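**Student:** Questions regarding the structure given below will be posed in turn.
Every read-out reported here was derived from the displayed coordinates using simple, explicitly stated rules and does not represent laboratory data. Since the structure is predicted, the reported quantities are computational estimates derived from the model, not experimental observations. Using ideal geometry, Cβ is built from the backbone for each residue, glycine included, and neighbour counts are taken over all protein chains shown.
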Amino acid sequence: MTRAGIAFRTGTVVGGASVPMDGAHFRAPQKTFDARDREGHPYWPDGYSRAVLDSDYARVEQMLHVRQFGWNEIPKAGGLFAKMLDAAGASCDRARLNYTDCNHCAQGCTFDKKRTLLHSCLPLAESHGVEVRSPSLVDHIDAVGSLNVVDRDRASYDAYLDRMDAALADVSAKSGVTLLPIVPRRLSGTTCAHLLSACRMADTKERGVADSNGRVFDYENLCVCDASAVPYALGVNPALTISAIAERTAEFVVERG
Ligand SMILES: Cc1cc2nc3c(=O)[nH]c(=O)nc-3n(C[C@H](O)[C@H](O)[C@H](O)COP(=O)(O)OP(=O)(O)OC[C@H]3O[C@@H](n4cnc5c(N)ncnc54)[C@H](O)[C@@H]3O)c2cc1C
């Protein structure tokens with residue numbers, strides 16, 4: 001079996017990947033929270049559901065200025081794409097974004113039009129006395145268990161590309177639009193900008209690294225509240241869910257004193 005190379009895209013700057021990210025923000029669907037592993041164990045710790053996270057989602061959306069743009073505000077290419085899918089009998093709606101009015105650059109923003117953490121949580125934290133130290137590098141954490149690095153094989157990646165090609169061929173046939181591949185996907189490795197679950201939350205330490213509050217098992221004062229705590233792939237872009245869970249962990253830390 002040939003293994004696909006995986007390129008990881010990250011943002012190693014103050015503000016993390018919120019700085020170069022696209023800015024698409026979605027609430028995860030309930031089926032994400034219902035997912036179970038092969039042995040039938042739930043991926044998410046007890047008490048998590050879409051309904052439970054909704055108020056945290058709302059708070060983060062307000063902080064990041066997430067909104068759905070009107071059809072009259074989106075770039076022409078997006079409108080044409082939606083029209084093509086409509087002609088093929090498929091639905092296509094506008095993403096929810098955290099830009100203010102601008103030209104919708106795909107990634108990054110040099111004009112401060114995007115509500116990255118540099119323009120939302122970090123100034124707020126600083127106004128409450130937090131000191132951001134940069135550059136400082138964490139170079140050591142004592143491990144209590146072993147990490148399972150998820151390996152994706154080339155066969156499942158090819159099967160995924162086959163399904164995608166079939167869906168695109170279907171859209172092309174139904175809409176009468178000729179679609180040209182812009183990236184030779186089969187020649188390149190997998191790219192991932194949504195790294196999740198390295199320190200996943202779980203009900204027990206046999207199944208994960210941290211409890212449902214993000215507190216690391218056996219380490220009373222160590223909490224995980226970034227992408228690594230999210231226990232399972234979300235099916236949508238993850239930043240909103242990462243932030244919503246971090247809100248809950250922050251509340252837990254404050255309540256505990
Ligand atoms: C190009 C790109 C586009 C994306 N687009 C979207 C999108 O549209 N919508 C969406 O929901 N998600 C998107 N994502 C994913 C999203 O940005 C990430 O899932 C999210 O930012 C992860 O948040 P985090 O806090 O876990 O980690 P990060 O935001 O990656 O922050 C990690 C921080 O830790 C710092 N750090 C790393 N190692 C050390 C160390 N040893 N010592 C000290 N500090 C360290 C880094 O410098 C960084 O500041 C995108 C990501 C990329 C890279």
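**Student:** Rounded to the nearest 500, what is the chain's calculated 222 nm mean residue ellipticity when only DSSP H runs of at least 4 contribute -39500 (n - 2.57) each, over all residues?
**Tutor:** Value at 222 nm, helices only: -10000 deg cm²/dmol.
**Student:** Here's something else I'd like to know. Between Val52 and Val13, what FRET efficiency comes out of the Förster formula 1/(1 + (r/R0)^6) with R0 = 45 Å and r the beta carbon distance, rounded to 0.05?
**Tutor:** Working: r = 32 Å, r/R0 = 0.71.
After rounding, the FRET efficiency stands at 0.90.
**Student:** Per residue of region 124-140, what does 6.51 cos²θ - 1.76 cosθ + 1.60 with θ = phi - 60° give for ³J(HN,Hα)? Whole Hz please, x for Gly and Pro, Karplus curve as stated.
**Tutor:** Per-residue couplings from phi come out as 5, 4, 5, 5, 9, x, 6, 9, 8, 9, 9, x, 9, 10, 6, 10, 7 Hz.
**Student:** Give me the aspartates and glutamates in straight-line cross-link reach of Lys205: C-alpha distance below 19 Å, same-chain residues under 8 apart excluded.
**Tutor:** Asp37, Glu39, Asp46, Asp142, Asp218, Glu220, Asp226
**Student:** Give me the angle, in degrees from 0 to 90, between the Cα long axis of helix 239-256 and the longest principal axis of the Cα atoms of the chain, rounded to the nearest 10.
**Tutor:** It is inclined by approximately 10 degrees.
**Student:** Looking at the square roots a ≥ b ≥ c of the eigenvalues of the Cα gyration tensor of region 1-67, which shape do they give, rounded for a/c under 1.5, prolate if a/b is larger than b/c, or oblate? Provide the component values of the computation, followed by the final result.
**Tutor:** Values: a/c = 2.60, a/b = 1.04, b/c = 2.51.
In terms of gyration-tensor shape, oblate.
**Student:** Same structure, new question: Give the relative contact order (percent, whole number) for the chain; include only Cα pairs under 8 Å separated by 6+ residues.
**Tutor:** Averaging sequence separation for qualifying contacts and normalising by length gives 30 percent for the chain.
**Student:** Once phi is turned into θ = phi - 60°, what whole-Hz ³J(HN,Hα) does the Karplus curve with 6.51, -1.76 and 1.60 give for every residue of region 83-93, x standing for Gly and Pro?
**Tutor:** 3J(HN,Hα) across region 83-93, in whole Hz: 5, 4, 5, 4, 5, 8, x, 9, 9, 8, 10.
**Student:** How big is the chain in terms of Cα radius of gyration and Dmax, in angstroms?
**Tutor:** Radius of gyration, then largest Cα-Cα span, for the chain: 20.2, 62 Å.
**Student:** As a footprinting exposure proxy, order His194, His25 by other Cβ within 10 Å, with the fewest listed first.
**Tutor:** His194, His25
**Student:** Could I ask something else about it? Against the longest principal axis of the chain, how steep is helix 154-175, in degrees 0 to 90 to the nearest 10, with axes from Cα atoms?
**Tutor:** In the chain, helix 154-175 runs at an angle near 40 degrees to the longest axis.
**Student:** What is region 28-138 by shape, rounded, prolate or oblate, if you read a ≥ b ≥ c off the alpha carbon gyration tensor as root eigenvalues and call it rounded for a/c under 1.5, prolate for a/b larger than b/c, and oblate otherwise?
**Tutor:** Oblate shape, in that a/c is at least 1.5 and b/c is the bigger or equal ratio.
**Student:** May I pose another question? If you take every DSSP beta bridge whose two residues both sit in the chain, what share of them, in percent to the nearest 5, is antiparallel?
**Tutor:** 65 percent
**Student:** Using a Cα-Cα cut-off of under 28 Å, which lysines could be cross-linked to Lys174, ignoring same-chain neighbours fewer than 8 residues away?
**Tutor:** Straight-distance partners of Lys174: Lys76, Lys83.
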